[in-house]
Structure formats: structure tokens, C-alpha cells
Amino acid sequence: MFSSRKLSLLLGIAAAAGAFASAAEPGHFGYGKTATPAEIAGWDIDARGDDGLGLPPGKGTVERGTEVFADQCAACHGTFGEGEGRFPKLVGGAGTLKNDRPELTVGSYWPFAPTLFDYINRAMPMPAPHTLSADDVYALTAYILNLNDLVPSEFVADRDSLPKVKMPNRDHFIWTDPRPDTTSKPCMNACADPASVKIMSTAEGNGLTPRTTGPLDTMQPK
Amino acid sequence: MSVLPKPAGVSAQQLGRRSFLGLGAALTGGLALGLKPGNAAEPVPAFPPADPPWSQALGPGVVDRPYGRPADFEAGVIRRNVPWLTAGTQSSISFSPLQDLHGIITPNGLFFERHHAGRPDIDPDQHRLMIHGLVERPLILTMKDIVRFPQVTRIHFIECPANGGMEWRASQINSLQFNHGMISCAEWTGVRLSTLLEEVGIKKEAKWVLVEGADGAHMNRSLPLDKCLDDCLVVYAQNGEALRPEQGYPLRLVVPGWEGNVNIKWLRRIKLGDKPWYSREETSKYTDLMPDGTSRGFTWLIDAKSVITFPCPEKPLAGPSLYEIRGLAWTGNGKVKRVDVSTDGGVNWQTARLHEPVLSKALTKFTLPWQWDGQPALLQSRVIDETGYVQPTIADLRKQRGSNSVYHNNSIQTWQVKPDGSVFDVQLA
């Protein structure tokens, strides 16, 4: 079959390919450095939604949250979380999820309270994200939950209390994708009565199509 | 584009050296003059029998533009946003100008954008990727470390699942760019995520992976470990050059075939865990609200979709003639198997030609010759992917999902062609 020279050549190639193509053993390449506990702690900011794993020490009251919110959040979200302009509303919408125009807010839609801490902590306030103390983030979380009537005004948010807050929409998520949920068939000829082909809506003339997005834009409007 | 006449009093060389802004003004002036025959400054034709001025001049030399750029005449081929859609531009989207693109690869400067806290400008020497959690040995990698790992190159699309999201209720926007431009496709180069995870050693309890960006949003999503080990890539290059800042420079995740939001840009942290994190971006956003009030979560897959890119509202027809209908198709399930085109609103269909290469989880180009007789027409395309899945109509989708689910509208687009050749975005019964 193979000459011994050919065989050893093939084995050599296979060994070389194996050495570079797969890292079956940890540390195979040995690049980089081991992350120290201090380095990990600086970046390990996630708090898990359903059980609060990773929530940091600290605590915050609704009252303190009122102050922090006015200072850091109200400009965009409104004093009581009602939202300014197109910035998100944080309150309201309870019972609207089946409506024609549902209102998705922390109170009406979010399934898990620790997610609120996690999101404020990582992404807010928008001009200076991840600059608030854990205590202030807990306080904001308490305030927003209170605005939605989900916790009483004496509520203190911390790593123990937040996972216990039952959000109204918690049990209405299906976490397994049911798609494909359509079963169209690729018909080729006479697939419909031509008389039944009717235009139900058109974008013509409704004035919603942007015409220009800046001085360089030569897009011609229709 | 037809050859533009030379504006009076401006030499070709002067024109070529003008700034975009100055050029725009010059062109507008030139075109306006062109519309007024008899004007003293009427431009001289630059086509046969005339020898044009650029053929009788010496052009700028090499490295006149050390990093090249498109012709000044292509200044209108740009990303655009919908100002009324979002509160500001920092947490917003821009759309690729599909009407002006001709292939399956999106030029780097035209790749659609989705930022949640604006675009960070990251010093690659300061960038780190940390991998920790349920691993044998937590690791910090520099960009120089990452580039040393075995390289892979793949062509994949990325589509925001909100592409077409403005059209769930009805036709709203008369535009290919705004209704479909949140998809782009590039050749990505980097290292398999599985290589990095095997390098740190995966503990057997690990089932999920948190991926997080270095932007101000610290954007984070949860991914099942199986997908990470299957085909995910940690990439530093896009179409052969370093990633653009808008696409995650210096490092991003590519999750082939899955919704854009999980393709974390500016990737800085990967953490292995035993459960998903249920972050804001996978609970309050990127979930699909159904008519019964329940919501679907973790709907990552991009279902098969196609769209005709010519003709379209931005590129109308110029009178009855033989045309080539052109379009793009894609599927997160793998390869496009077939694309059919209808010119009568879905009554009769013809199979279009697919253009090579037909790659898995990449844009695929299709064309079909069409003799337009000047009569009203309703153009549609319908893709069938290698799993046999058939692109649905908007009516089919609404039957299943109502019209409040925002994401994953992969329905058939209908373009209405009027006798004057103009094209409008419509929806059929």
C-alpha cells in the first residue's frame, strides 16, 4: 500500500496538522496569561436575572433612589419614569400585553428584577455608564420597582431581596424557540385567484420615508 | 450612473480635488444648469464624438489617496438612519444601501450599524479578552495573543432581527434601504471560539456562555455552549482588513446565522456558566410578543429571507424593456436552495438563477430576466433553504404572531411597479 517513506511523511503531516488544528488539552497554545482574581473581579459585573447570582454587596432604599433618579435619570426617563420624547418609559403598561398597542415597561414586561440591577449597573446612565456605586444602583432599582407598585416604599434592594421580587410577567416567556411556525408550500402556477390579489397597504404618500440624513446625502425623494 | 457633464468653468482636475461638500454644490449647480437649455453656461458633452477632458489631462498619481475611497460621484451611496425611530443616534441603527450594492460582500464602510452606547474607539494595545467562569484556567489575551491562534476565514451575513420590523402592521417606508438594509455580509477572519474555549478548558458543568462588549452598554448576551463550539468565530478582520470601529474593532464575535444582537462587538469578556443570564437584551428586548400576551425568548435563528434589490423604490424602471430582476437571499439554516420570483403578486412563479458562490449562512445573489411590457406589476421573491423551509408571506406570519413581535419579520416583500416605472412598497391581502 504505502511505502514506509510515504507513510512516515503522511504521519508527519497529520501530526503537524493536529498540533495546530486542535487544542484538545487546555493550555495547548499557552498564549496569554492567567487572569488573577483581582483582574476578574474588576470585570465580572454580571448579575443573573432569574436567581441574582453575581449581585454585589450593598443596598439601597426607595427614598435614596428618588434622589439618584432625579439627578441621573429623570432628564431622559422623566421624573416618575414616564419617559421623555422617545426615551423609554419605565412604568405603566400593566395588563396591556394583549392590546393592539402594548406598552412594554419594567413593570409590565420585564421577567426578572435582578436584570434591572444588572442593566442599570452596566449601561446607565447613558452618558457615563458603569460609574454609579452599587448602593446607588440598588437604590435606583428599588425606586423603579416602587414606581411600578411592585415593592412597598420601605423596600430595601440588596442581593437577597431582589431575586425574591416576583415580576408580573415572569411566567409568560417561552424560552424554547417554536419556529418554524409557518408551513408555506412553494406553489409555482395558478397559486391564487388573480382577482384575489389586492393591495392592502402601501407606503406611497404616507410621508414616513426619510428624505435625507445629512448634508452629504444626495438621495432623491420619490 | 451616466457620465455627468462638466460644470462650466470647472476643470476636471479641480473637480477631482474638491471636497465632498464643495463637489456636491458643484454637481448640483452643474445639473441645474443642464436642465436649462440655452443657458450660456450649458455644459459641453463629454461623450462621443467629443474626447472628454479627463482623457486630455494628467491625473493625480499613486498615493494621492493613500487609503482609497469611492469615486466622488458615488457620494450618495451611504448608510442612512431613520431619525424618528430612536431617541438619538447613539443607541440606534443605520441601514446599508442595498439598492447600490452589486455583490454578496458588503463594503466595510457600508456595513449596517447597530450601537447601544455609541461607537467606542478602542486602542488595540489596551484591549483585552478575558475568558473565565466555569473553566480550568481563566485567561487574559491581548490582541497580539489572539492573532497567534490558528486562523479561519468565513463569509457570513449578519442581520439585525429588527430588519423589516417597521412593516409588521402595514407598509410604512417606501425604500429598500430602510426596510431591508439591516443586513450585511462580509468575509471574517479570526479564531474559532471553540479553540479559545478548549484552550482555557471547559468544566463539565458549563452549559452557557456570556459574551460581553467593551462599549458603554457593556452589551451582553447568553449563548448555549453547543453553538459556541459549533461555528462561532472571534474575529479581528473584515473583508481582509482590520474590523471597522463600527463593526467592533479590534475584536468581535460572529455567530453565523443567528440574530445580529448576539454577534457582540468590541468583545472583551467571555464567561462560562450553567444557566443563561437573562440579560436586559434577551428579556425586555429581542423577545417576541405574541397576540396571547406570551413572549418567545432565545429566538436566535435568522429564518430564510429574500428581497428583490432591482427594481426597488430607489431604482425605478425607465420604460418598457428587457430587464434583469436582481436580488439577495439568505438563511440562518445553512444554504439557499432555490429562489422563485413572481411578477403578478404570487399567482405564478419562475425559478431564478442563483449565482455562485452559494455559501452557508451568507448572502446569495439571484437574477431573472424580465420583459416588462409597461403594465402594472407586483414583484415578489421567495426563498427555499436547504432544510426545505419556504419564506412566508406577511399574512402567514401575522396569522402566527400577530403584529407586535417587532423582530424576525422574514416575509416576502412585494414591490408594486406602476406603468410609469415607479416602484412602491406594498403589502397584499
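The values are calculated or read from the model by the stated rules, or taken from the named source; none is laboratory data. Predicted model only: the values in this text are computed from it and were never measured. So basically every Cβ, Gly included, is an ideal-geometry build from the backbone, and we count neighbours across all protein chains shown. Ligands, DNA and RNA are stripped out before the accessible areas are found, and what is left, the full protein with its side chains, is counted by its heavy atoms. Shrake-Rupley method; radii C 1.70, N 1.55, O 1.52, S 1.80 Å.
Below, the figures for the structure above:
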read-out: Cα centroid separation, the stretch B:195-222 to the stretch A:189-207 (Å); value: 47 Å
read-out: Cα centroid of the stretch A:124-157 to Cα centroid of the stretch B:82-102, whole Å; value: 32 Å
read-out: Accessible area of the stretch B:118-199 belonging to carbon and sulfur atoms, whole % at 1.4 Å probe; value: 44 percent
read-out: Reduced Cα scattering model of the stretch B:113-296, Debye log10 I(q)/I(0), q = 0.09, 0.13 Å⁻¹; value: -0.33, -0.68
read-out: Rounded to 10°, Cα long-axis angle of helix B:20-34 versus longest principal axis of chain B; value: 30 degrees
read-out: Assigned charges on the beta-carbon of Lys, Arg, Asp, Glu; the protein assembly as shown dipole about Cα centre (debye); value: 1140 debye
read-out: DSSP loop chymotrypsin sites (Phe, Trp or Tyr not before Pro) with at most 16 other Cβ within 10 Å excluded, longest remaining stretch of chain B; value: B:85-429
read-out: Size descriptor, Kirkwood hydrodynamic radius, that averages inverse alpha-carbon separations across the protein assembly as shown, Å; value: 27.3 Å
read-out: DSSP-defined beta bridges in chain B - what % are antiparallel, rounded to 5; value: 95 percent
read-out: Sequence ranges A:74-80, B:113-119, A:127-133, ranked by mean other-Cβ count within 10 angstrom, highest first; value: B:113-119, A:74-80, A:127-133
read-out: Gain upon complete extension [B:Gln371, B:Asp121; 0.36 nm per residue less C-alpha separation]; value: 85.0 nm
read-out: Virtual spin-label span in nm between A:Asn99 and A:His172, 7 Å along Cα→Cβ; value: 1.2 nm
read-out: Extension gain, A:Lys33 back to A:Glu67 (0.36 nm per residue minus Cα-Cα distance, nm); value: 7.9 nm
read-out: FRET efficiency estimate (nearest 0.05) - Cβ-Cβ, B:Ala318 to B:Trp54, R0 25 angstrom; value: 0.45
read-out: Summed buried accessible area for A+B [probe radius 1.4 Å, Å², rounded to 100]; value: 8200 Å²
read-out: Hypothetical label at B:Thr351: residues of the stretch B:274-312 whose amide nitrogen lies under 19 Å (7 Å Cα-Cβ projection); value: B:305-307
read-out: Gained length - B:Ala170 relative to B:Leu85, 0.36 nm times residue gap less alpha-carbon distance; value: 29.0 nm
read-out: Pairwise FRET efficiency - B:Lys285 versus A:Met200, Cβ, R0 = 35 Å, nearest 0.05; value: 0.75
read-out: Cα-based shape type of the stretch B:323-385, given that a ≥ b ≥ c are square roots of the gyration tensor eigenvalues and the cut on a/c is 1.5; value: prolate
read-out: FRET efficiency for A:Ile40 and B:Ala395, using Cβ-Cβ distance with R0 set to 60 Å, rounded to 0.05; value: 0.70
read-out: Viscosity 1.002 mPa s, 20 °C: Kirkwood-radius Stokes-Einstein D of the stretch B:305-426 over Cα pairs, µm²/s; value: 145 µm²/s
read-out: Three-way shape label, chain B, alpha-carbon gyration tensor, a/c 1.5; value: oblate
